[in-house]
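This report concerns only the one structure given below.
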Amino acid sequence: MSARKDHGEQGHGHAHDGHEQGHDHGHDHDHGHDHDHGHDHGHDHGHDHGHDHAKGHAQEHAHHGGHHHHHGVATGRAFAIAIFLNTGFVFIEFFYGLIANSTALIADAWHNLSDVLALLLAWGAGVLAKRAPSGRYTYGLRSTSILVALGNAGFLLVTCGAIAWEALHRLAEPPVVAGMTVTVVAGIGIVINGLSALLFAKGSKGDLNIRAAYLHMAADAAISLGVVLSGVAILFTGWNWLDPSGTLVIVAIIVWGTWSMLRQSLSLVLSAVPDHIDVAKVQSFLRGQPGVTDVHDLHIWGMSTTESALTVHLVMPAGYPGDVFVDDIMCKLREEFSVQHSTLQVEQGTTEHICTLHPGATQNQS
């Protein structure tokens with residue numbers, strides 16, 4: 001017997017697929033049960049209904065839903081304030097960077113402009129990620145947040161390359177730089193970027209896009225501090241080469257901070273296991289469940305920058321243990337491993353199953 005149960009954050013549901021050699025029978029009942037039966041050495045059962053034993057989970061989801069709504073409003077406000085502050089500062093920094101003949105200010109202005117675009121995209125992705133699943137987009141539009149994180153990282157690296165190229169040219173023949181103007185404008189940048197970073201500090205641990213926004217703003221504050229020190233040094237020493245040199249240091253800091261985000265977002269695009277999930281521990285947890293003798297076809301991937309999904313086959317010779325048992329496993333996967341959407345398929349192990357993604361699996365099964 002094989003049974004598969006599929007569970008997402010918003011409720012409990014079951015979905016079961018028959019094996020290829022089986023056949024399907026659809027049944028519609030007034031009490032809201034949908035069944036899909038296939039036959040291949042047993043039966044596959046599919047349900048989509050509520051359970052009395054799941055009322056606690058439903059109440060928990062309702063509580064978390066209210067919390068997420070409040071968090072979403074607060075995050076939206078943080079994005080709006082940070083975008084407003086940084087957009088205004090970009091124009092100020094560009095203007096005075098040209099007047100002061102400072103590539104450090106211009107570089108920081110480009111960086112702030114990229115941050116504004118990143119904030120806009122991240123905010124938009126966060127809104128799209130809350131869209132409900134549809135017939136075509138069965139996971140909703142959650143993965144847009146991953147694409148935005150990847151795009152932001154790529155855009156930032158390209159911008160850094162252009163700034164570094166200009167700084168190298170100016171390093172050969174350093175122009176005269178107005179040190180006082182550089183110092184004052186960069187000092188304003190410390191205040192604006194510091195305040196913007198504080199807006200995202202609370203939510204930076206659980207969302208790659210929020211963390212990226214936080215790191216961008218914090219790095220900008222540190223970079224502005226470096227520009228201030230460069231301006232003061234130029235003011236007192238007249239060493240104009242400090243400006244393009246400081247620009248190259250700024251670029252190096254930005255690239256160093258961006259590389260990690262690029263690597264993580266690229267991994268998520270390729271459906272890699274999210275960094276915060278230990279596959280070995282998940283497998284050990286599943287194998288340790290009562291009645292489970294083997295685990296195979298374990299797949300874990302990120303649905304978005306904040307949500308993960310899992311599918312797995314559990315071999316249980318005694319047969320399907322009941323919905324309560326499966327619900328408890330999925331609840332623990334969510335609470336202990338941050339897997340928000342899990343699909344568990346229970347098998348008795350009477351036939352040999354090889355994951356079709358493994359090399360040679362198709363030939364072995366035919």
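Details
- Zero-based 10 Å bins, Cα pair distances in segment 251-358, whole percents: 13, 40, 28, 12, 5, 2, 0
- Sequence of Leu314, Leu270 when ordered by accessible area, the most exposed leading, probe 1.4 angstrom: Leu270, Leu314
- Packing rank of 280-286, 186-192, 228-234, where each peptide gets the mean count of other beta carbons within 10 Å, highest leading: 228-234, 186-192, 280-286
- 13 Å beta-carbon shell around Val227, net charge (K/R +1, D/E -1): -4
- Accessible area of Val90 in the full protein assembly, 1.4 Å probe (Å², nearest 10): 10 Å²
- For segment 244-353, GluC sites (Glu not before Pro) meeting the loop criterion (DSSP other than H, G, I, E, B) and having at most 12 other Cβ atoms within 10 Å: Glu352.
- Against the rule of thumb 2.2 N^0.38 Å, how large the Cα Rg of segment 154-197 comes out: 1.50
- Value in Å of the Kirkwood radius, where segment 119-256 supplies the Cα pairs that are averaged: 16.9 Å
- For the set Phe155, Phe200, solvent exposure ranked by accessible area (probe 1.4 Å, protein chains only) runs largest to smallest as Phe155, Phe200.
- Rg(Cα)/(2.2 N^0.38 Å) for segment 234-309, N = residue count: 2.00
- Within the accessible area of segment 209-366 (1.4 Å probe), percent carbon and sulfur: 61 percent
- Rounded accessible area of Val249 (nearest 10 Å², 1.4 Å probe): 90 Å²
- Taking the Kirkwood radius as Rh and the Cα radius of gyration as Rg, segment 300-339 has a ratio of Rg/Rh equal to 1.05.
- Neighbours of Asn240 by Cβ distance under 13 Å: Lys/Arg scored +1, Asp/Glu scored -1, total -1.
- Rg/Rg_ref, segment 125-203, where Rg_ref = 2.2 N^0.38 Å and atoms are Cα: 1.74
- Cβ-defined net charge surrounding Gly257, 13 Å radius [Lys, Arg +1; Asp, Glu -1]: 0
- Ranking by accessible area, most exposed first, for Lys130, Lys332 with a 1.4 Å probe: Lys130, Lys332
The values are calculated or read from the model by the stated rules, or taken from the named source; none is laboratory data. All figures in this text were calculated on a predicted structure; none of them were measured in a lab. Heads up, the Cβs are rebuilt from the backbone with ideal geometry, glycines too, and the neighbour counts pull from every protein chain shown. Note: areas computed on protein heavy atoms with side chains; ligands, DNA, RNA excluded. Shrake-Rupley method; radii C 1.70, N 1.55, O 1.52, S 1.80 Å.
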